[in-house]
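Here is the structure we will look at.
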Amino acid sequence: MKITSIDLLKGAIYPKNPFKVSFGSHLRSDEVIVKIYDDDGNFGIGEASPTLKIVGESQGSVLDISSKIGSILVGSDLDYTSHIFDQIDSSIVGNSTAKAAFDIAIYDLMGKERKLPISSILGKYREKVESDVTIGIMNTDEAANRSLELVKSGIKTIKLKVGDDIETDVERVKAVRESVGNKAKLFIDANQGWSPKRAVSAIEKFSKFDIEFVEQPTPANDIEGLAFVRKNTNIPIMADESIHSPSDALRAIELGAVDMVNIKLMKCGGIHNALKIATICETAGIPNMVGCMLEGAFGIAAGIHFSLSAKNVFIVDLDSDRDSKNTLTSNGILPFEGCYRHDDGYPGLGNLKLNSEEVELVKSVTVKEGLTSI
Ligand SMILES: [Mg+2]
């Protein structure tokens, strides 16, 4: 089977509540959908959920780069998926979110051609995954009430965003712990909010609330700072924004900077690179979490399929579709039963229909061109 054409569409996801983290608030997430057609009438769908402050990509840049990547892939033989992934990776430096959309669409198409869910194509390790739910930075009472509601609904793990004012953050985490008692595990994610020294003193204050780990306490590019924090605190340290690629993971592990690594398809360029990071981490004895940006149903489904198959994934943070007003689908999302998520047995990503009301076709790529500049 060969790739005949690629449609690029744009849409937007709206969270039910503004989602605040240490570096800003999200009121909407502008997405790109990549739809890849083969010569047998099948198509695969991938989603890009770009974030300027983490990957440096926007909807506009993803559309532009996707047009270029698409023009390289038209005509490619889908039996040579490893070669296609190499073409995507080597097409341009960075731009992991645009690349992830192509990777996801290729896996979805592969699943539809072979009539298997992506998790079965990768090889399942587990039947279902437990996902946490993330609570953004908000006032203390609201966070405590929302956490209790979540626990009552079957959620067993809550991730709290911190990295704002330390005292306010401590009050909020304390209130949440008192609200949920011992019925939930708590994670905290500072999203690069602290300097290394500040992180050490902040983490000391949070340690009395039985926190499982602290995610990305320090700026993304300061791996030495992350190692300093890890050496001087007692709560496990997870890297998120610091790890985009397999080589980032290698370096962070070599420098003793991490106890755990958060893999996100939008940061690493999709499932094929996520597998590489998981293999590196597994070999080093470093567990993985799989996280998300603000993806709708398609991006989250890809994360779930990867999580079902990668042995080294111990924690899943795939919840953005649950807390959004829309998901770019007309028929729902992959199941979220209590705290558990799994595939729906349908080929590819699952029985997810693109909602034509929520997306707009920007461009169809039908001619093989390749990059025109170096
Ligand atoms: Mg994070």
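The values are calculated or read from the model by the stated rules, or taken from the named source; none is laboratory data. Computed from a predicted model, the values in this text were never measured in an experiment. Methodologically, a virtual Cβ is constructed for each residue, glycine included, from the backbone with ideal geometry; neighbour enumeration extends over all protein chains shown. Areas reflect the complete protein model, heavy atoms only, side chains present, ligands, DNA and RNA absent. Shrake-Rupley method; radii C 1.70, N 1.55, O 1.52, S 1.80 Å.
Of the residues 140, 134, only one is in the same structural domain as residue 189 (by TED's automatic domain parsing), within 19 Å of residue 209 (Cβ to Cβ) and in contact with a helix residue (DSSP H, G or I) (Cβ under 7 Å, 6 or more places away or on another chain); which? Even if it seems obvious, please write down each step before you answer.
Details: 134 fails: in contact with a helix residue (DSSP H, G or I) (Cβ under 7 Å, 6 or more places away or on another chain).
Answer to the check: 140.
Over 20 Å from the mean Cα position of the chain (by Cα) and on the phi > 0 side of the Ramachandran plot - does that describe any residue in the range 274-284?
no
Name the one entry in 5, 61 that is in contact with a Ser or Thr (Cβ under 9 Å, 6 or more places away or on another chain), open to solvent by 10 Å² or more (accessible area, probe 1.4 Å) and within 30 Å of residue 161 (Cβ to Cβ).
61
Return the residues of the range 79-131 that are touching a Cys at 6+ places or on another chain (Cβ under 7 Å) and crowded, with 22+ Cβ neighbours inside 10 Å; say none if nothing qualifies.
96, 131
Okay, residues lined up against (1) closer than 30 Å to residue 331 by Cβ; (2) in contact with a strand residue (DSSP E or B) (Cβ under 6 Å, 6 or more places away or on another chain); (3) among the β-branched types (Val, Ile, Thr); (4) touching a residue at least 40 places away in the same chain (Cβ under 8 Å):
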site: 209; (1), (2), (3), (4): no, no, no, no
site: 219; (1), (2), (3), (4): no, no, no, no
site: 238; (1), (2), (3), (4): no, yes, no, yes
site: 244; (1), (2), (3), (4): no, no, no, yes
site: 257; (1), (2), (3), (4): no, no, no, no
site: 262; (1), (2), (3), (4): yes, yes, no, yes
site: 275; (1), (2), (3), (4): yes, no, no, yes
site: 284; (1), (2), (3), (4): no, no, no, no
site: 300; (1), (2), (3), (4): yes, no, yes, no
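Could you say which residue among 164, 189 is modelled with pLDDT under 95 and under 23 Å from the mean Cα position of the chain (by Cα)? It would help to see each step written out before you state the result.
Numbers: 189 fails: modelled with pLDDT under 95.
Result: 164 is the single residue among 164, 189 that is modelled with pLDDT under 95 and under 23 Å from the mean Cα position of the chain (by Cα).
From the residues in the range 10-30 that are in a strand (DSSP E or B) and in contact with a Pro (Cβ under 8 Å, 6 or more places away or on another chain), which one is surrounded by the most Cβ atoms within 10 Å (Cβ to Cβ)? Break it down stepwise before answering.
Going through the range 10-30, the residues in a strand (DSSP E or B) turn out to be 10-13, 15, 19-21, 24-26, 29-30.
The next check asks that each one be in contact with a Pro (Cβ under 8 Å, 6 or more places away or on another chain); those that pass are 25-26, 29-30.
Working: 25: 12, 26: 18, 29: 22, 30: 17.
Top of the filtered list is 29.
Within the range 168-191, how many residues turn out to be open to solvent by 50 Å² or more (accessible area, probe 1.4 Å) and not acidic (Asp, Glu)?
Number satisfying all stated conditions: 5.
Which one of the conditions (1) in a helix (DSSP H, G or I); (2) in the same structural domain as residue 248 (by TED's automatic domain parsing); (3) over 22 Å from the mean Cα position of the chain (by Cα); (4) under 29 Å from residue 12 (Cα atoms) does residue 150 fail to meet, given that it meets all the rest?
(3)
Give the range 337-347 a look and list any residue that's open to solvent by 10 Å² or more (accessible area, probe 1.4 Å) and part of a loop (DSSP other than H, G, I, E, B), or say none.
Selection gives 338, 342, 343, 344, 345, 346, 347.
Specify which of the listed residues (132, 141) is under 24 Å from the mean Cα position of the chain (by Cα) and in contact (Cβ under 8 Å) with a residue 24 or more places away in the chain. Before you say what the answer is, go through the steps one by one.
Values: 141 fails: under 24 Å from the mean Cα position of the chain (by Cα).
Criteria check complete, one pass: 132.
Can you pull out the residues in the range 316-336 that are crowded, with 21+ Cβ neighbours inside 10 Å and out of contact with any Lys or Arg (no Cβ under 9 Å at 6 or more places or on another chain)?
Hits for the range 316-336 are 320, 321, 327, 328.
Every residue in the range 282-328 that is closer than 21 Å to residue 123 by Cβ and of a type in the set (Gly, Ala, Ser), please. Before the answer, list the steps.
At the first step, the residues of the range 282-328 found to be closer than 21 Å to residue 123 by Cβ are 282-283, 287-290, 300-316, 318.
Across the range 282-328, the qualifying residues are 301, 302, 303, 307, 309, 310.
Taking the range 308-336, which residues are among the hydroxyl-bearing types (Ser, Thr, Tyr), in a loop (DSSP other than H, G, I, E, B) and away from the ligand (no atom under 16 Å from the Cβ)?
First, the residues of the range 308-336 that are among the hydroxyl-bearing types (Ser, Thr, Tyr): 309, 320, 324, 327, 329-330.
Pick out the ones that are also in a loop (DSSP other than H, G, I, E, B) and you get 320, 327, 330.
Within the range 308-336, 327, 330 qualify.
Within the range 179-190, does at least one residue satisfy the condition of being away from the ligand (no atom under 14 Å from the Cβ), under 22 Å from residue 147 (Cα atoms) and part of a strand (DSSP E or B)?
Yes, the conditions are met somewhere in the range 179-190.
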